[in-house]
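Undergrad: Pasting in a structure now, in structure tokens, and then I'll have a few things to ask.
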Amino acid sequence: QVQLVEPGGGLVQPGGPLRLSCAASRIIFSIYAMDWYRQAPGKQRELVATISSGGSTNYADSVKGRLTISRDNAKKMVYLQMNSLKPEDTGVYYCRAAWGDYNSWGQGTQVTVSS
């Protein structure tokens, strides 16, 4: 069974940076598309960034230019570099691995943007 672990959340001031990471195991990592979702309090979970097995990336309009997704296939890691953070970026961030009809989720990590 695929395991995804996301350490690295926390409290950050508005305008500050934060990098999330997601470590995958029990997976042929290189063939999976990897996504970052977030769920703000009282809202539905939304896709914020995705990176294909080939390295192509896509972002939600609300985060373009501020968030960057990347992957290291050798380490089975995916990252989300977040810059110029805003209070509305607050939420639980989830890593997801997807391949065909199969997908697996991490447990999530809390990110709070507040002064």
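Undergrad: Looking at T68, T112, which one is modelled with pLDDT of 95 or more and either in a loop (DSSP other than H, G, I, E, B) or more than 13 Å from the chain's Cα centre (by Cα) (or both)? Break it down into steps so the answer makes sense when it comes.
TA: On the way: T68 fails: either in a loop (DSSP other than H, G, I, E, B) or more than 13 Å from the chain's Cα centre (by Cα) (or both).
Checking each option against the conditions leaves just T112.
Undergrad: Hey, another quick one. If I ask for residues that are among the charged types (D, E, K, R) and farther than 15 Å from D72 by Cβ, which ones from the range 7-31 would you list? Write out each step before concluding.
TA: Our first condition is that a residue be among the charged types (D, E, K, R); within the range 7-31, this holds for 19, 26.
Selection gives R26 alone.
Conditions tested, residue by residue: (1) of a type outside the set (G, A, S); (2) surrounded by 21 or more Cβ atoms within 10 Å (Cβ to Cβ); (3) at pLDDT below 95; (4) farther than 21 Å from P7 by Cβ.
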site: W36; (1), (2), (3), (4): yes, yes, no, no
site: R45; (1), (2), (3), (4): yes, no, no, no
site: T57; (1), (2), (3), (4): yes, no, no, yes
site: K64; (1), (2), (3), (4): yes, no, no, yes
site: N73; (1), (2), (3), (4): yes, no, no, no
site: T90; (1), (2), (3), (4): yes, no, no, no
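Undergrad: I would also like to ask the following. Within the range 75-88, track down each residue that is closer than 13 Å to Y32 by Cβ and either open to solvent by less than 20 Å² (accessible area, probe 1.4 Å) or modelled with pLDDT under 95 (or both). First the steps, then the outcome.
TA: If we filter the range 75-88 for residues that are closer than 13 Å to Y32 by Cβ, which is where we start, we get 76-78.
Answer for the range 75-88, where residues must be closer than 13 Å to Y32 by Cβ and either open to solvent by less than 20 Å² (accessible area, probe 1.4 Å) or modelled with pLDDT under 95 (or both): just V78.
Undergrad: So, one more: List the number of the failed condition for W99; all other conditions in (1) out of contact with any Pro (no Cβ under 6 Å at 6 or more places or on another chain); (2) farther than 17 Å from Q3 by Cβ; (3) open to solvent by 50 Å² or more (accessible area, probe 1.4 Å) hold.
TA: (2)
Undergrad: Let me ask something else about it. Identify all residues within the range 71-93 that are hydroxyl-bearing (S, T, Y) and touching a Lys or Arg at 6+ places or on another chain (Cβ under 7 Å); write none if there are none. Give the steps one after another, and end with the answer.
TA: Restricting attention to the range 71-93, the residues satisfying the condition of being hydroxyl-bearing (S, T, Y) are 79, 84, 90, 93.
The answer is Y79, S84, Y93.
Undergrad: Would you check which residues across the range 54-81 are free of Cβ contacts under 8 Å to residues at least 40 places away in the same chain and polar (S, T, N, Q) and list them?
TA: Across the range 54-81, the qualifying residues are S56, T57, N58, S62, T68, S70.
Undergrad: Kindly establish whether Y37 is among the hydroxyl-bearing types (S, T, Y), out of contact with any Pro (no Cβ under 7 Å at 6 or more places or on another chain) and without any contact (Cβ under 8 Å) to a residue 24 or more places away in the chain. Step through it out loud before you land on a result.
TA: Numbers: among the hydroxyl-bearing types (S, T, Y): yes; out of contact with any Pro (no Cβ under 7 Å at 6 or more places or on another chain): yes; without any contact (Cβ under 8 Å) to a residue 24 or more places away in the chain: no.
No; evaluated as a whole, the condition is false for this residue.
Undergrad: Mind checking which residues of the range 9-34 are part of a loop (DSSP other than H, G, I, E, B), surrounded by fewer than 16 Cβ atoms within 10 Å (Cβ to Cβ) and at pLDDT below 95?
TA: The first filter runs over the range 9-34 and keeps only residues part of a loop (DSSP other than H, G, I, E, B), leaving 9, 13-17, 26-28, 32.
So of that shortlist, the ones also surrounded by fewer than 16 Cβ atoms within 10 Å (Cβ to Cβ) come out as 13-17, 26, 28.
Selection gives R26, I28.
The values are calculated or read from the model by the stated rules, or taken from the named source; none is laboratory data. Note that the structure is predicted; figures quoted are calculated from it, not measured. Don't worry about glycine lacking a Cβ; one is built from the backbone with ideal geometry, like all the others, and counts go over all protein chains shown. Protein only, heavy atoms only, side chains kept; ligands, DNA and RNA dropped before computing areas. Shrake-Rupley method; radii C 1.70, N 1.55, O 1.52, S 1.80 Å.
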